[in-house]
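Worksheet: one structure, shown below.
Just so it is clear, none of the values below were taken in a lab; they were calculated from the coordinates. Just so you know, these numbers come straight off a predicted model, no measurement behind them. Neighbour counts run over all protein chains shown; Cβ positions are idealised from the backbone, glycine included.
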Amino acid sequence: MDRLQVETIQTPYERTAPVPERREKAVRYFAATPRDKTAPRASEPRVVVARSYEEALKEAENSTCTELDFTYHVKLSSKDVKDLQARILYIKEQEAKAKKKQEQEQINDGGKSVEECTAELIELQTRAIAIFQAIKGNTQLEALRVDAKDLGEASLSALAESIEINRSLLTLDLSSNHTTVRAAEKLGMALRWHCLQELHMDFSVMGNAAVDALCTALRGNASLRLLSLRGNNLGPEFPQSVLWLLTPRPLTSGDIVYKGTELFQSSLRTIHIDFNEIRDLPIRLGTVANLEVTASQNPIQHPPPEVLATGWKNTWNVLREEWKEYEVWHAEQVALHNLQLQQNSTLPKWMDARGYDGVNADDL
C-alpha cells in the first residue's frame, strides 16, 4: 500500500442519537488492492448506524449503504450463546473421554443435549443470520461493524458464507463476540482470497486454538493490512500462525527457503496483540521491514520492558540485531554440519535429518 487516502464521513443520526465518537466519524482506508467492481460505486459514501433490527436488515440490502454499524441497544443475539456453546464443548469433551475409556454410556447430567443446544443457538441468532444473509448482494458495502452483539458459531458461519459472495468488504469488526475454533476457521477460509484490509477480532474469547485456526486459514491473503487480536487469552508463546502470515515458513515446514539477509516486505502492516499473556516477541519479527506491532499489557520478558517502552521502532531494531547474531550462529552450525558429514561423524541430535540452507521451524 503506497499511499492512504482518508475521508471523514458524518453519520446521518448525529443530531438525534448520542453515538460514540468513532461512529460519528468513519475513517475510510482505501488501498491499491483489487475489489469487486461488478456494480458502480455509490456517488457518495453513506454510513448508517442502525438503531433497530428492522432498520439494519433494510440497510444491509440497500446498495447505497457503504458502512453499516449498530447502536449498543440493538440486539442481534443473546448472552446465552456463550453458555450454550460452552455446554456443547463440555459434552463433546466428556464423550471423547468416555470413548477413550471405551465406555458406551451416554452423557446424562440432566442438562441439555448437543442437539438441543444447537437448535437453541440457531434460534437465538436468527436476527444476525438474517442480516448476514442480506449483505450477500450489497456490492457497495465496504465496512461492517458488528461488535459486542453476542454472535456465536451459527451467525459467524453465516457471515463467512456471505463474505465468500460479497467481495466489496474492506473493514470487518467482530470484536467482543463468542468466536469458536470452527467459526474462526470458516472466517479465515472465506477471507483467504478476499480483498478485506482490516479485521478486528478483539476480546472475542478465541484463545490460541481459534487464533491458530483463523490465521492458518488466512495464509495466502495478500490484501489484509491490519489484524487486531487484543484480549484473546493468547500466550505464553507468540502465535506461530500469526508469524507465518508475516514471513515465509522455513524449509523444514515445507515452504520456500528464506535467507534472513534481506528484509521481508509483508502485506500485513499492523498487528495488535495487546491485553494477552505473551511473554516473548520472536526475533523473526526483525526481518519484516514494514510492520508495526502493539503489545501493551502483556507480561513480555523479551525484549526487556525498558526497550518496549521506547516504542516499536527501537524494539524492531533490537529484534533485528538479535536476528543478525542468530544468522552468524546459524552459519557456523551449517559449516559444522557439513564438516561432520564429510568426516562421517555423528551429528548432534538437533541436526539429524534436517536441511540447513534456510532457517528451521524452531528458530524464532
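What to note about this one:
- Computed over neighbours whose Cβ is under 15 Å from that of Thr294, the net charge equals 0, Lys and Arg +1, Asp and Glu -1.
- Length gained on full extension, Arg182 to Lys99: 27.7 nm, using 0.36 nm per residue less the C-alpha separation.
- Taking other residues whose beta carbon is less than 13 angstrom from the beta carbon of Lys186, and scoring Lys, Arg as +1 and Asp, Glu as -1, yields -2.
- Ordering of 207-214, 220-227, 86-93 by burial proxy (mean other Cβ atoms within 10 Å per residue, highest first): 207-214, 220-227, 86-93
- Ala335-Ala289 pseudo-label distance in nm [points 7 Å out on the Cα-to-Cβ vector]: 2.9 nm
- Spin-label model distance (nm) - Ser52 vs Leu89, 7 Å beyond Cα toward Cβ: 3.6 nm
- Residues within the reach of a label modelled at Glu327 (point 7 angstrom out along Cα to beta-carbon, backbone nitrogen below 18 Å), restricted to the range 262-305, are 262-266, 282-291.
- Here the calculated FRET efficiency for Trp312 and Val205, from their Cβ-Cβ distance with R0 = 41 Å, stands at 0.95, rounded to the nearest 0.05.
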